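Everything below concerns the one structure shown next.
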Amino acid sequence: MVRSTSRSFKEDQRNAPRKMTTCKVINGRARVVCRTCERHWYISVPFGINEKLVRCQCGTSTFIHLDRRSHPREPICRLGTLIFPQNYTIPVFLSDCSLNGISFLCTKRDSLLLIKGLHIKIKYRTEDGEMILREICIRNSREQRIGAQFQGLPLA
């Protein structure tokens with residue numbers, strides 16, 4: 001007995017999520033490792049490309065995500081506050097941090113204020129309970145998740 005479904009097998013295959021492999025980019029080159037045969041090789045990666053489809057000699061094709069970060073990100077879960085020049089503050093949830101920057105979540109309404117290139121301050125506590133105040137520059141935003149780059153040293 002065959003069950004009838006509203007979608008065919010081919011439609012399910014087309015809508016299946018892609019399996020991604022993350023590759024670190026160093027000096028414009030990425031080291032790719034095949035998931036099937038474990039062969040590795042290097043590819044040159046032009047600036048501006050974040051994902052690429054690569055094919056191994058064994059015939060396996062894989063989507064790779066190209067990671068250009070210079071410092072690893074540490075996941076964190078804390079409250080923070082954005083401080084605008086007019087002393088207007090916005091509460092945010094910090095999601096991860098690195099030596100170069102920080103990312104956080106805010107409300108949809110507040111995300112409309114955070115445009116690319118905006119220089120503001122962020123205040124948050126470390127794991128040790130020390131209060132940190134840093135100047136940041138907004139670099140990217142995707143819906144309610146905002147990425148920012150640290151500017152200079154922590155403020156006193």
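Per-structure values
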quantity	calculated
15 Å beta-carbon shell around Gln86, net charge (K/R +1, D/E -1)	0
Within the range 96-133: backbone nitrogen closer than 18 Å to the Arg145 label point (7 Å, Cα to C-beta)	96-112, 114-116
Extension gain from Leu118 to Cys77, taking 0.36 nm per residue of separation minus the Cα-Cα distance	12.4 nm
Fraction of beta bridges assigned by DSSP in the chain that are antiparallel (%, nearest 5)	90 percent
Close Lys-Lys pairs in the chain, where close means Cα under 25 Å and separation is 8 or more or interchain	7
Stokes-Einstein D for the chain, Kirkwood Rh over Cα pairs, 4 °C, 1.567 mPa s (µm²/s)	69 µm²/s
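Every read-out reported here was derived from the displayed coordinates using simple, explicitly stated rules and does not represent laboratory data. What you are looking at is a predicted structure, and each value in this text was computed from that prediction instead of being measured. Note that each Cβ is placed from the backbone with ideal geometry, even for glycine, and that neighbours are counted across all protein chains shown.
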